[in-house]
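Here is the structure we will look at.
The values are calculated or read from the model by the stated rules, or taken from the named source; none is laboratory data. All figures in this text were calculated on a predicted structure; none of them were measured in a lab. Methodologically, a virtual Cβ is constructed for each residue, glycine included, from the backbone with ideal geometry; neighbour enumeration extends over all protein chains shown. Please note that ligands, DNA and RNA were not included when accessible areas were found on the heavy atoms of the full protein model with its side chains. Shrake-Rupley method; radii C 1.70, N 1.55, O 1.52, S 1.80 Å.
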Amino acid sequence: MFSRSRRLSTEALNMIRINKCTLVLVMVMCSCCVTSIKLDELKNDKNQLGKTGGGGSSVASTRAAASRPASGDRDGAPMAKHAVNKSSADGEETSKTRAVPADAQPSALKSTMSEKRADKCKEKCPANIKECCRNAIAEKSCHNATDDPVSYFVNPSYPNEDWDSSFCDFRVDIKNRNVCQLRLDLEEFSLRGPHKYLGSCRQDRLIISTTLPNGIGITELCGNNTGQHLYFPVDPKAGGSSVALMMMTSQSSRYSWKVRITQIDCLADPQAVAPTGCLQYHTSLSGTIQSFNYAGGMYQSGLDYAVCIKRSVNTCRVEFQQVPGSTFGINSMEGPSLEEGIGRAGEVSCDLVTHDYLHIPGGMLDIGEEILAATGNVEVYTPTAEKFCGRSLSGLAIQEFAEKIKVNDPLGAQDNNTIATPVTSYASGPIIVRFHTDSVTVRERDIGFSIAYQQLGTGCNKNKIRR
């Protein structure tokens, strides 16, 4: 009995040993399978990186990058809650910092970035400035400063819109003592427009402050002014070594801006310098002049600034006419009762009761070569006027006003046939057009103007014209 029990215990012990060996063998096989799977994964990842051209990056680094927070959540700082996303439908992110470390860039990417940088520099940098063309021009936003010859000032979420209430300041430091002007190109400029009855910028506005005592003809700017430009003087030698740009915004509407700022070296690039007192400066034979916020349908109150045109050689006159299909609206003595499309000229209509006018020196209705030829060298009387208003730019309005003066009835009823017609100026000297507005403007009536100008070298022998 005892031997039988011992035999059974020995068999049980052998079974346990066999089961243990089996378990160990199974565990070893599983470990080998796991190792094989991991090796296969690494091989696949390596092959995939080789196909896509991404050398040197490991799977671990890829996974670590995927685990990092998005740029908007970095350091626990969320994106602006009112930023409006303008990115493409495929979810591509737009980033303020697009630079990639040089040692991490494939050669093809380096070449593409160099070409883009060169193209951007050719477009944005003056020919005589080499330093700023070594790198792409920086875009900076609020509470920042720059001393670069060419720089950009943008809204915080650019190229997206914002609508937070904020105070956004940007300082331009001028270290080159030969810089005499700054030019601001409003490549994008969309703010809330002026108050619909007062005409002032009461919500969003750009304020430009210099250390020089004289202003630039405009104290603040608001509305839609994309494509406009401004010049204003600086003088580092007289203590004007910095200029402050301040954007005051509210939550009343969305806004965005991108302003290119160019420091003009008056010795190195004298052709780029605007004449003294000119807020805007056009250098082409022909072009278009628009009032501020023309696209928004209302000009500001309290304006008095000059738009200058570079006089070209072999020209003797400038023709101004309303851009075909455009609207024109500068408040006149008749106010809203003036018929649509009727223009006014002269002191009585434009600067007696109201004081909004476009000033064109020596403006006259061009009488034409055929009329002069028909007079047989007889002196022709052609009246002139310099202040224009109403609901069209009209050379005929000059003639009508002259007739009222002739009969000593300047306040008498007018014929209202003064439709839009060109205004010609033979005035010598600089070509300067001024726009003046009084303290009150009204939407839908005080629209502004879009005027085409053209310098001409024909009809210069009209010495028989008596003005």
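Applying a threshold of 7 Å to beta carbon distances and a minimum spacing of six or more residues, or different chains, the list of pairs starting in the range 342-358 at a residue that is at positive phi and ending at one that is basic (K, R) and open to solvent by 20 Å² or more (accessible area, probe 1.4 Å) reads G346/K387.
Among the residues of the range 284-310, those identified as farther than 27 Å from L198 by Cα and open to solvent by less than 10 Å² (accessible area, probe 1.4 Å) are C308, I309. Checking each residue in the range 311-368 for being part of a strand (DSSP E or B), of a type outside the set (K, R), touching a helix residue (DSSP H, G or I) at 6+ places or on another chain (Cβ under 8 Å) and open to solvent by less than 10 Å² (accessible area, probe 1.4 Å) picks out I330, G343, A345, G363, M364. Determine whether Y281 is part of a loop (DSSP other than H, G, I, E, B), at pLDDT 95 or above and open to solvent by less than 70 Å² (accessible area, probe 1.4 Å). No, not satisfied. If you go through the range 414-435 and pick out every residue that is closer than 18 Å to A402 by Cβ and among the small types (G, A, S), you end up with 2. Among all positions in the range 313-331, there is no residue which is more than 16 Å from I431 (Cα to Cα) and of a type in the set (K, R).
Quick one: which of G223, G287 is within 18 Å of the chain's Cα centre (by Cα) and in contact (Cβ under 8 Å) with a residue 60 or more places away in the chain? I'd like the intermediate steps shown before the answer.
On the way: G287 fails: within 18 Å of the chain's Cα centre (by Cα).
Every option except G223 fails the conditions.
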